[in-house]
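Colleague: Sharing a structure, written as structure tokens. Questions coming.
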Amino acid sequence: MGRKILLEKTGIENINTYEVYRREGGYSAVEKALKKMTPEEVVEEVKKSGLRGRGGAGFPAGMKWSFIAKPEGVPRYLLCNADESEPGTFKDRFLMEKIPHLLIEGMILSSYALGCNTSYIYIRGEYMWILRILEKALEEARQNGWLGKNILKSGYDLEIYVSPGAGAYICGEETALIESLEGKRGNPRMKPPFPAVKGLWQSPTVVNNVETISSVVSIVNNGGEQYASIGLGKSTGTKLISACGNIRKPGVYEIELGISVEEFLYSDEYCGGINNGKRLKACIPGGSSVPILPHYLVTKTANGEQRLMTYESLADGGFATGSMLGSGGFIVFDEDQCIVRNTWNFSRFYHHESCGQCSPCREGTGWMDKVLKRIEYGKGNMHDIDLLVSISKNIEGNTICPLGDAAAWPVASAIRHFREEFEWHIKEPVKCLETNYGLVKETELEA
Amino acid sequence: MPKVTIDGVTIEVDEGTTIMNAARKVGGEIVPPAMCYYSKLDKSGGKCRTCLVEVTKGSDKDPRPMPKLVASCSTPIMDGMEVSNKTSQKVLDARKGVVEFLLINHPLDCPVCDQAGECDLQNLSYEHGTEGTRFEEKKRVFDKIDIGPFIQLHMTRCIMCYRCVYTADQITNERVHGVLKRGDASEIGTYIEKAIDNDFSGNVIDVCPVGALTDKTFRFKSRVWFLNPMDAHRNCDKCSGKAVVWMFGEEIYRVTGRKDQYAEVEEFICNTCRFETKDLAKWTIEGPRHISRESVISQGHYEMQPLKIENNNEETK
Ligand SMILES: Cc1cc2nc3c(=O)[nH]c(=O)nc-3n(C[C@H](O)[C@H](O)[C@H](O)COP(=O)(O)O)c2cc1C
Ligand code: SF4
Ligand code: FES
């Protein structure tokens, strides 16, 4: 059994209540930090831990924290990103539902480290019941003296508020989140200035994912070095993976970074293999925005090495033959699934979620959606395939926020690896409505 | 003062100047096109992406090139920065892509659009667009909306530059104008079509780079290139009274702000001057307006003396 840090206690009955959480050692990290550590020491431990952002980009958390500007007399803010709207990603939800006090404890520690006296949890509007869970937990923490003025007589004050979004994926992008929290339309901001300098209400701000913040609890309790000893290389610690698709055991798993993809996909401890005895066709290892991998590149990299569940190994081969760990939304396709339909589905999503500020994303996502829909319904032309590649290239890198890239990559990678299937859809406009293409043959990989 | 080099031209500018404004100080070919940036409007820019440039050297301190193209209108220069605009194939390709994106849902109804001839999108596509289109889908359409008695909004033509939003926000005192919905369904809304009732609302017409916001007192009256623009002024208690009156013979067809070479008005004018002062006697004419932009309206030759027509026909002489 792999080591558990975040989900270690989720099996305990009523762990969602304050009494049980506290009885099981909860809030001891806050005691330790506030009584024995300076904020700088907490930052130092997080740096040592090598913890990387779990929201998608994998940016080292300790480094992000040390970038925050500290002008005299200006408040600083910590924002917890609980917007979790990436298709295929449902790990933060699990954590907040099962063990809400872990996030709150992490928020107190992180806020203390950053010197914030007001912090916010921005939660997606569709998670209304979790908002209530969190508010109840916050109230319990307040009642027991973990929030408010002069916490543990340390002189440190903190208030945490939960604020819901209104159902827009784009509000998970950190600057759109800030705009939304300020009560405005959730349009991403132009950078620079970065949130670390001018974020919420023009004050220095750090935005971190739910899982990132929750991981700080163990780092403070057991030390950064201990955390860094788990995992592999620069992928330290454990990661929550939300696995879904055609697997025997969909669900949220905590893995030690560094186990092989093969183990994760086929062992009974995790996904338990492909459902109904089918064969694997493709896998998207990090949520809908990351490139799709065909079956022959899932468990092995292009040069034949075993692929591991780490930031580095999943990205091995770059965009040509690799993908990304992303947010940990692990989506598995069996041989009966249609890549064209799936790609269209993702495109439809990004089309629907583009904020519409910048022209490449606003127009390009809608265009790709329409072309893919035609192909899926047997009305495509051969030149549509190259057209899609060209549109995705014209979007990628030319937009204000990474949603443009997130919309472009799935299309570009699907065509890169499954071009024959797209062509088949166009050549067989009737058959493609009745049956699926099946497995791709391993095309010759260009070196 | 920090130095920046754009397409090989080096210039010293104030700290914090954007690449776009540095280029505009030099002028000419090296200035990237702008469809959303408007120097008189705070926060404008960054959206259309036509002004993308390549930063080949970040600064003297950190010479690394920037990994992506950047929007020149909202990227501040650094000392020693080197920028390629027209000299970068990457920029030209990206710009072509952006023009294509701006046009795919645009109705291309120039023959019936009042903006034709002074349209930034028209000019941009002449210079950077392609001849044909690769877009075979249905275009997005919206219904026309009347914003009060003088202004019409035709969202179908809109390119979402947000200039009118900032205008309404920054120079009028009521915030009734904004963006509704998302993505390519987003539209400029005046919250339930409430008329913008404000002395300066007409400026949204001048800042609009396309024909999405038009002057209802001028609709379908004439093509702009048949008119003679004249600098004129009057005593006005609301604005400076400095405007351009567009004449056909002795008649004023429309009144606009005075636009510079980047199609930005020098000063915002009030609705009384714009919509309700079409009587020539109320204006003092200063002389022909020089249009320095490359555009069909500058083809009007109204600044030249009319050619004398020599009649060589013996019978009609
Ligand atoms: C379109 C878009 C959507 C995003 N959605 C989320 C999200 O739902 N949750 C999240 O934690 N990060 C999301 N991110 C990433 C955030 O911008 C940000 O990088 C992250 O919250 C930082 O936290 P971390 O460093 O702890 O990962 C999104 C980014 C983009 C561009
Ligand atoms: S890339 Fe898309 S979502 Fe991001 S700012 Fe531009 S239009 Fe909005
Ligand atoms: S002018 Fe710079 S992005 Fe529009």
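Every number here is computed from the coordinates shown, using simple stated rules; none is lab data. Since the model is a prediction, treat every value here as computed from it, not as a measurement. Neighbour counts are summed over all protein chains in view; Cβ atoms, including those assigned to glycine, are modelled from backbone coordinates with ideal geometry.
Colleague: Quick one: which of A:Lys370/B:Lys138; B:Lys47/B:Lys68; B:Lys90/B:Lys139; A:Lys379/B:Lys96; A:Lys198/B:Lys43; B:Lys43/B:Lys181 span more than 18 angstrom between C-alpha atoms?
Modeller: In this structure, B:Lys90/B:Lys139; A:Lys379/B:Lys96; B:Lys43/B:Lys181 exceed 18 Å between Cα atoms.
Colleague: List the relative contact order of chain A as a percent without decimals, with contacts defined as Cα pairs under 8 Å and 6+ residues apart. Write down the numbers at each step before the final one.
Modeller: On the way: 908 pairs, mean separation 68.7, N = 447.
Computed value for chain A: 15 percent relative contact order.
Colleague: Jot down the per residue volume, in cubic angstrom and as a whole number, of the convex hull over the alpha-carbon atoms of the range A:299-447. Don't skip to the answer; put the middle values down first.
Modeller: Working: hull volume 17.6 nm³, N = 149.
Given the Cα convex hull of the range A:299-447, per-residue volume reads 118 Å³.
Colleague: Using r as the Cβ-Cβ distance of B:Ser39 and A:Glu24, and R0 as 60 Å, what FRET efficiency do you calculate, to the nearest 0.05? Write down the numbers at each step before the final one.
Modeller: Details: r = 60 Å, r/R0 = 1.00.
FRET efficiency, B:Ser39 to A:Glu24: 0.50.
Colleague: Using θ = phi - 60° and the Karplus relation 6.51 cos²θ - 1.76 cosθ + 1.60, list the HN-Hα couplings for the range A:417-422 in order, rounded to whole Hz, with x at every Gly or Pro.
Modeller: 9, 10, 3, 4, 5, 5
Colleague: Per residue of B:75-82, what is the mean number of Cβ atoms on other protein chains within 10 angstrom of that residue's Cβ? It would help to have the intermediate numbers written out before the result.
Modeller: Numbers: counts 3, 2, 0, 0, 0, 0, 0, 0.
Per residue, the average neighbour count from other chains is 1.
Colleague: For each pair in A:Lys281/A:Lys431; A:Lys234/B:Lys57; A:Lys184/B:Lys259, compute the distance between the two Cα atoms and list the pairs where it is over 26 Å. Provide the component values of the computation, followed by the final result.
Modeller: Details: A:Lys281/A:Lys431 20 Å; A:Lys234/B:Lys57 29 Å; A:Lys184/B:Lys259 32 Å.
Flagged as over cut-off: A:Lys234/B:Lys57; A:Lys184/B:Lys259.
Colleague: OK, next. Please compute P(r) over all alpha-carbon pairs of the range A:224-298, binned at 5 Å starting from zero, and give each bin as a whole-number percent.
Modeller: The calculated distribution, bin by bin, is 3, 15, 23, 25, 18, 9, 5, 2, 0.
Colleague: Work out the P(r) tail for the range A:12-73: percent of alpha carbon pairs separated by more than 12 Å, whole number.
Modeller: Values: 1416 of 1891 pairs.
Beyond 12 Å sits 75 percent of the P(r) for the range A:12-73.
Colleague: Still on this model: Counting only Cα atoms, I'd like the Rg/Rh figure for the range B:156-276, Kirkwood definition for Rh.
Modeller: On the way: Rg = 14.8 Å, Rh = 15.2 Å.
Radius of gyration relative to Kirkwood radius: 0.97.
Colleague: When every alpha-carbon pair in the range B:223-265 is counted, what percent end up more than 12 Å apart?
Modeller: Working: 557 of 903 pairs.
The proportion of pairs with Cα distances above 12 Å equals 62 percent.
Colleague: A:Gly328's amide H: which non-local residues (gap 5+, or another chain) put their own amide H closer than 5 Å, with H modeled 1.01 Å from N in plane and none for Pro or chain starts?
Modeller: Excluding prolines and chain starts, which carry no amide H, the hits are A:Gly287.
Colleague: Cα-based Rg (one decimal) and Dmax (whole number) for the range B:3-101, in Å?
Modeller: According to the Cα coordinates of the range B:3-101, Rg and Dmax are 12.4, 37 Å.
Colleague: OK, next. Going 7 Å from the Cα of B:Gln89 in the Cα-to-Cβ direction, what parts of the range B:48-83 have a backbone nitrogen less than 18 Å from that spot?
Modeller: B:53-56, B:69
Colleague: Where does the protein assembly as shown land at 222 nm, in deg cm²/dmol rounded to the nearest 500, when only DSSP H runs of n ≥ 4 count, each adding -39500 (n - 2.57), divided by all residues? Please report the intermediate quantities before stating the final value.
Modeller: Numbers: 24 runs with 241 residues, N = 764.
Only helices count here, giving -9500 deg cm²/dmol.
Colleague: As a test of the definition: which semi-axes, in Å, follow for the range B:105-215 when you take the square root of five times each eigenvalue of its alpha carbon gyration tensor? Largest first, please.
Modeller: Working: eigenvalues 126, 48, 30 Å².
Largest first, the range B:105-215 gives 25, 15, 12 Å.
Colleague: Under 5 Å between amide hydrogens, which residues at least 5 positions from B:Gly241 or on another chain qualify, with H placed 1.01 Å from N in the peptide plane?
Modeller: Hits under the 5 Å cutoff: B:Cys270.
Colleague: Starting from one equal scatterer on each C-alpha and no solvent at all, send me the Debye-based log10 I(q)/I(0) for chain B at q = 0.08, 0.09, 0.10 Å⁻¹, two decimals.
Modeller: Debye output, listed in q order: -0.41, -0.52, -0.63.
Colleague: What number, in nm² with one decimal, is the all-direction average of the projected area of the convex hull of the alpha-carbon atoms of the range A:56-171?
Modeller: Values: hull surface 31.8 nm².
Result: a mean projected hull area of 7.9 nm².
Colleague: What does the structure give for A:144-155 when I average, per residue, the other chain Cβ atoms found within 10 Å of the residue Cβ?
Modeller: Details: counts 0, 0, 0, 0, 0, 0, 0, 0, 0, 0, 0, 0.
Partner-chain Cβ atoms within 10 Å, mean over residues of A:144-155: 0.
Colleague: Would you mind calculating the relative contact order of chain B from Cα pairs under 8 angstrom and at least 6 residues apart, reporting the percent as a whole number? Don't skip to the answer; put the middle values down first.
Modeller: Details: 599 pairs, mean separation 43.1, N = 317.
Reported as a whole number, the value is 14 percent.
Colleague: Kindly write out, for the range A:180-189 in residue order, the coupling ³J(HN,Hα) from the Karplus curve 6.51 cos²θ - 1.76 cosθ + 1.60 (θ = phi - 60°), rounded to whole Hz, with x marking Gly and Pro.
Modeller: Once rounded to whole Hz, the list reads 4, 5, 6, x, 9, 5, x, 9, x, 8.
Colleague: Nearest 10 degrees, 0 to 90: what angle lies between the long axis of helix A:100-114 and the longest principal axis of chain A (Cα atoms)?
Modeller: Roughly 70 degrees, rounded to the nearest 10.
Colleague: Okay, next question. List the extent of the Cα atoms of the range A:363-447 along each of their three principal axes, largest first, rounded to whole Å.
Modeller: For the range A:363-447, the Cα spread along each principal axis is 40, 33, 18 Å.
Colleague: On to the next question. Which order, highest average first, do B:212-224, B:277-289 follow once you tally other Cβ atoms within 10 Å for each residue and take the mean per peptide?
Modeller: On the way: B:212-224: 18.0, B:277-289: 14.2.
Per-residue Cβ counts within 10 Å, averaged per peptide and sorted highest first, yield B:212-224, B:277-289.
Colleague: Share of antiparallel DSSP beta bridges in the protein assembly as shown, in percent to the nearest 5? Working shown, then result.
Modeller: Numbers: 56 of 80 bridges.
Once the DSSP bridges in the protein assembly as shown are tallied, antiparallel ones form about 70 percent.
Colleague: Under 19 Å from a label point 7 Å along Cα→Cβ of A:Lys249: give me every residue in the range A:1-38 with its amide N that close.
Modeller: A:1-12
Colleague: Could you pull out every residue, at least 5 positions away or on a different chain, whose amide H is within less than 5 Å of the one on B:Ser222? Hs are placed 1.01 Å off N in the peptide plane, and Pro or chain starts have none.
Modeller: Result for B:Ser222 returns nothing.
Colleague: Now for a different question. Listed here are the pairs A:Lys4/A:Lys300; A:Lys35/A:Lys153; A:Lys64/A:Lys393; A:Lys35/A:Lys239; which of them are more than 19 Å apart at the Cα?
Modeller: Check vs 19 Å cut-off fails for A:Lys4/A:Lys300; A:Lys64/A:Lys393; A:Lys35/A:Lys239.
Colleague: In addition: Bins of 10 Å, beginning at zero and ending with the bin holding the largest distance: percent of Cα pairs per bin for the protein assembly as shown, please.
Modeller: Values per bin, smallest distances first: 3, 13, 20, 22, 19, 13, 7, 3, 1, 0, 0, 0.
Colleague: Also: How about the range B:1-58: which GluC sites (Glu not before Pro) there are in a DSSP loop, with at most 12 other Cβ atoms within 10 Å of their Cβ? Could you put the intermediate results ahead of the total?
Modeller: Working: sites: B:Glu12, B:Glu15, B:Glu29, B:Glu54; in loops: B:Glu15.
Passing sites in the range B:1-58 are B:Glu15.
Colleague: On each of the three principal axes of the Cα atoms of chain A, give max minus min coordinate, whole Å, ordered largest first.
Modeller: 73, 46, 39 Å, listed from the longest principal axis down.
Colleague: Where both partners of a DSSP beta bridge lie in chain B, what percent of those bridges are antiparallel, to the nearest 5?
Modeller: Details: 36 of 39 bridges.
For chain B, the DSSP antiparallel bridge percentage is about 90.
Colleague: Which whole number gives the average count of other chain Cβ atoms within 10 Å of the Cβ atoms across peptide A:392-402?
Modeller: Numbers: counts 0, 3, 8, 3, 1, 6, 11, 4, 5, 0, 0.
Mean partner shielding for this stretch: 4.
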